Amino acid sequence: MRCVGLAKVPIVDEETCIGCALCTTICPATFEMQADAKSHVKNPAGDPEAKIQEAIDACPVKAIAWKQ
Ligand code: F3S
């Protein structure tokens with residue numbers, strides 16, 4: 001089910017994430033590092049869509065994607 005008002009929602013594949021923390025640097029309101037040094041989405045609408053896209057493009061292992 002989709003949240004009303006959210007056009008796109010980012011997801012992190014925690015299996016793929018290597019914990020480089022670029023996404024949390026680019027979008028600190030959207031992504032956050034967990035105790036296991038993997039990123040997760042704390043607020044899918046935390047940053048503008050263009051910033052989230054920037055984080056998606058910056059991730060060296062392509063662990064972030066838009067939820068289909
Ligand atoms: Fe992980 Fe990529 Fe972010 S490796 S910490 S999801 S930039």
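DSSP loop GluC sites (Glu not before Pro) in the chain with at most 10 other Cβ atoms within 10 Å of their Cβ, which ones?
The qualifying sites are GLU15.
Rounding to the nearest 10 and keeping the result within 0 to 90°, find how far the Cα-based axis of helix 49-58 lies from the longest principal axis of the chain.
Helix 49-58 and the main axis of the chain meet at about 30 degrees.
From the helices alone, meaning DSSP H stretches of at least four residues, give me the mean residue ellipticity at 222 nm for the chain, per-run term -39500 (n - 2.57), in deg cm²/dmol to the nearest 500.
Helices in the chain give a 222 nm mean residue ellipticity of -5500 deg cm²/dmol.
For the pair ALA7 and GLU32, how long in nm is the line joining their label points, each one 7 Å along Cα→Cβ?
2.7 nm
No lab work stands behind these numbers, since they all come straight from the coordinates. Given the structure is predicted, the values throughout are model-derived calculations rather than measurements. A quick note on method: Cβ atoms are made from the backbone with ideal geometry, for glycine too, and the neighbour counts reach across all protein chains shown.
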